[in-house]
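Student: Please see the structure below; I have some questions.
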Amino acid sequence: MSVPTPFQTLGVAPSATPDEVRRAFRQRAFALHPDRNPSPTATDDFRTLRAAYDVILSGAPKADGFDVDRIASDIEAAALAADRRRTSGTPVVSAWQPMRVPLERTPRERLTDGFATPRGRTGVTVALGAGVLVAGGIVFVGGFSVLSLALALIATVASAAAGAATAWNADDRPWAVDTHWRGVRDLRWDATVEWAEIRAVQEGDGWLDLLITEAAALRLRRSVPPQTLVRVRPVGAEAPVAYRLPIRTTAPLAGAVRTQLANALAA
């Protein structure tokens, strides 16, 4: 039996573009992951796949949008770990675990979000209305004396503070994200970025970007605020849009996403 060519190993035509080769490698790599492929030859099969990929793309430009090298390293490490577990008799289990990560929200954003809710608007209106009535009553009874004006001012400030407190507590959405079997779920908007839609992860100072496909961005624009989707790469790149998450400590979520990208099947 003849030895398959690198193109046959990846299942692509010799005329395939570098991006097509990367997509084929990523899909086959997911399928060969030892958490989904219990074959004792999973590690060798993956190494054969990686060798074919390296041969085809030797000298080709680095992927723009796919974090292929990181994914490949994660999968190879998982394959070696799975081999060790099989040898020691330890059951093979998925490396992914559900987790909840809190997101950052500034006081100004919290007040703005509260004012935007019906409960917040009603509370502010009632509080300010009550304050104006009380202040007006004080001035009406006491006249324009220093004392009455001071009491009216105190009543106005107290009503404004009560309205702000109502708005502060009006938006009771959980400000966090969950990782689960479908993907990363943003509890603020009840929107989910599916694993198959994430192409890479990019960490910044106070934020984490999930680089997603154009199709995912088009779907998510219907349910999330415009500032959540940020274009970080030139138009035409493989993953030009980032789903931006405001987060102080990015490492736990970034690590979980990268691990799951190495475990999930491509769409």
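Student: Taking just the alpha-carbon atoms of the stretch 161-221, what radius of gyration and Dmax come out, in angstrom?
Tutor: Every Cα atom of the stretch 161-221 included, Rg and Dmax give 15.1, 46 Å.
Student: Here's a follow-up. Which Rg and Dmax, in Å, describe the Cα atoms of the stretch 129-254?
Tutor: 23.9, 71
Student: Another question, then. Quick one: dipole size for the stretch 155-201, taken about the Cα centre, charges +1 on Lys/Arg Cβ and -1 on Asp/Glu Cβ, in debye to the nearest 20. All intermediate terms of the calculation are to be shown ahead of the outcome.
Tutor: On the way: 5 positive and 7 negative charges, 14 e Å.
Computed about the Cα centre, the dipole is about 60 debye.
Student: Which FRET efficiency value, to the nearest 0.05, do you get for ASP205 and PHE140 by plugging their Cβ-Cβ distance into 1/(1 + (r/R0)^6) with R0 = 51 Å?
Tutor: Values: r = 55 Å, r/R0 = 1.08.
Between ASP205 and PHE140 the formula returns 0.40.
A short reminder: the numbers here are calculations on the coordinates, not readings from a lab. This is a predicted model, so every value here is computed, not measured. Positions of Cβ are backbone-derived with ideal geometry, glycine not excepted, and every protein chain shown enters the neighbour counts.
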